[in-house]
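> Starting off with a structure, shown below.
All of the numbers you see were taken from the coordinates with simple rules; none came from a lab. Worth saying up front: this structure is predicted, and the values here are computed from it rather than measured. So basically every Cβ, Gly included, is an ideal-geometry build from the backbone, and we count neighbours across all protein chains shown.
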Amino acid sequence: MLTATHIIGILLTVGLLLAVSVLSGRKVKDARSFTTGGRAGSWMVCGAILGTLVGGQSTIGTAQLAFSFGLSAWWFTIGAALGALVLGLVYAAPLRRSGCSTLMEVVRQQYGRRAETVGSILFLVGIFISITSQLLSSSAMLSSLFGLPVGWALAIGALLIAAMVLGGGIRSAGAGGIVKLVLLYVSSLAAGIAVWHIGHGLGGIRDSITQIYASPQLAALNDITCAEDIHRRYGTFLARGPLKDLGGCLSLTLGVVCTQTYAQGIWSAATTRKAKLGAVYCAALIPLIGAACTLVGMYMRGHYVTADELSALQAAGCQLPEGIGVLENSLQAFPTFILAHLPAWLGGIALGAMLVNILGCGSGLVLGAATILTRDVYGNLLSLLRRSPRLGQLAQTRLSILLLLALAVVAAHFVQGSFINDLGFLSLGLRAAALLLPLSTALWMPARFSPRAVTASMVAGTVAMLAAGMLKLPADPMYYGLLASAAAMLTGTKSKDIHR
């Protein structure tokens, strides 16, 4: 139950990060410092990446997925960590040498404005899905804590994200990310230790899951017919199938590389070495958060049912087993655990850190999307029309932020009930399907592919991935997207001799 101590802890924690954001925002002098920072150190780079990479999907979403699929929920944060590692060790140096401030500028240097504009539009689709999932996470938090209707919770979440990012751009995400890093680790590790203690280790957690599925009706609702089904679903890392789970990890890894927000953290560093170190620090820290959230989700499965499951049990004439609680939905697994099993003062800090975590991630994603919308879409459109912008670039970016958040609030109403992490896999996968090969060839194989083929590869990768998902083809849609993108690019291979 939410107490006054919880509320005080939440407000103090959120207020701390917002104060850091506002103070950092005072250092913003122009559009470039707003979007790419200045001379950040390694931990500031880590904070900028971590502050946007580890959001509601990595915490609330991971616990939600673990509630239904156990250990395999860890793949989301494992993929995110691998993505940060690849970004730092492989892509940081060539990105900084490019002299660009957006990933699409890198593409434009080699393949022209048409490829840049098409890629930007497709890329925005992927980022927009992530923004929507962060709003869903924030609404789940606000609804479960304060009993707000979903519509109000979404609107308030959007306003909080806007307040955070408009104050200082990447500087607020970086400085705030460092504060959030500390708070997030305190809360996540506290939750993980509490789960391990009260759940009697991983074995005890598995026993509780086995016990709750002793109810034939509850087992049938979750397609479980025997003890082996329980082990396969909750005790293995490939519960949803190797191609599904490993494909999701691949989507995260490649999608991180192809996301403007994380690249801005790399560009904000004072040196390439600090950019690499910041990304490596981030990669080392992320998996521990995922492990704690996975354990929380599994523990809650062994001790709670959802409202829909309760209704089905009652319709079958069955009573809820003694000592079993009820969640409105599986999204509430993590916040409910904190309310029920952590001391009120620590629970308040943890809940505030989770809310800050979601808002920080949302603010970074919105900033990255607004940067692309302003520079790569709107700017190119004005160039084609031969018109001059009426507003400065900083004002355009801030207006774009407000527009994106308003649209995300509307979209969130239509995808309620989805697994947040599945939205994350789709979002990151779409970014990689559209941009990975064009970006990589622009950095390491310049002038080897025609602009027309590169543009076609962006469209082919996106369409193939979406089609594979809609048709529910075998394996993860990410594989189909990458294959289609590669096939389209190979149609426009140029001879090396032409460019000698």
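> When the convex hull of the C-alpha atoms of the stretch 128-264 is computed, what volume per residue in Å³ does it have? Before the final figure, lay out each step's value.
Values: hull volume 23.7 nm³, N = 137.
Normalising the Cα hull of the stretch 128-264 by residue number yields 173 Å³.
> Determine the calculated [θ] at 222 nm for the chain from helices alone, applying -39500 (n - 2.57) to every DSSP H run no shorter than 4 residues and normalising by the residue count; nearest 500 deg cm²/dmol. Present the calculation step by step, with values, prior to reporting the outcome.
On the way: 22 runs with 375 residues, N = 500.
Value at 222 nm, helices only: -25000 deg cm²/dmol.
> Could you work out the relative contact order of the stretch 193-257, using alpha carbon pairs under 8 angstrom and six or more residues apart, expressed as a whole percent?
Working: 20 pairs, mean separation 10.8, N = 65.
With pairs under 8 Å counted, the relative contact order is 17 percent.
> Counting other beta carbons within 10 Å of each residue's own, what order do LEU103, LEU426, LEU238 fall into, fewest first? Please list the in-between numbers first.
Numbers: LEU103 31, LEU426 25, LEU238 15.
Ranking LEU103, LEU426, LEU238 by Cβ neighbours within 10 Å, fewest first, gives LEU238, LEU426, LEU103.
> Going by amide H atoms built from the backbone, whose H comes under 5 Å of the H on VAL326, apart from near neighbours?
When sequence neighbours closer than 5 places are left aside, the close amide H contacts are VAL305.
> If you don't mind, another one. What number results when the radius of gyration of the stretch 41-417, computed over Cα atoms, is divided by 2.2 N^0.38 Å?
Working: Rg = 21.5 Å, N = 377, 2.2 N^0.38 = 21.0 Å.
Here the answer is 1.03, to two decimals.
> Would you work out which of CYS361, SER72, ALA140 lies farthest towards the positive end of the dipole of the stretch 41-417? Charges go on Cβ: Lys and Arg +1, Asp and Glu -1.
CYS361
> Using a cut-off of 13 Å between beta-carbons, work out the net charge of the residues near ALA227 (Lys and Arg +1, Asp and Glu -1, ALA227 not included). Please list the in-between numbers first.
Details: positive: ARG206, ARG232, ARG233; negative: ASP207, GLU228, ASP229.
Once all neighbours under 13 Å are counted, the net charge is 0.
> Taking the number of other C-beta atoms within 10 Å as the exposure measure, put PHE69, PHE76 in order starting with the fewest. Display every interim value, and only then the final one.
Details: PHE69 24, PHE76 30.
With the sparsest Cβ surroundings first, the list reads PHE69, PHE76.
> Right, another one. Among PHE123, PHE237, PHE449, PHE334, rank each residue by its count of other Cβ atoms within 10 Å, from fewest to most, as a rough exposure measure.
Working: PHE123 29, PHE237 15, PHE449 23, PHE334 33.
With the fewest neighbours first, PHE123, PHE237, PHE449, PHE334 line up as PHE237, PHE449, PHE123, PHE334.
> Sequence gap of 8 or more, or different chains, plus Cα separation below 21 Å: how many lysine pairs satisfy both in the chain? Present the calculation step by step, with values, prior to reporting the outcome.
Working: LYS27/LYS180; LYS27/LYS274; LYS180/LYS274; LYS180/LYS276; LYS244/LYS472.
Going through the chain pair by pair, I get 5.
> So, one more: Evaluate the relative contact order of the stretch 41-417 (contact order divided by residue number), counting alpha-carbon pairs under 8 angstrom at least 6 apart; express in whole percent. Kindly include the intermediate steps, with their values, before the conclusion.
Numbers: 601 pairs, mean separation 152.0, N = 377.
Worked out over the stretch 41-417, it gives 40 percent.
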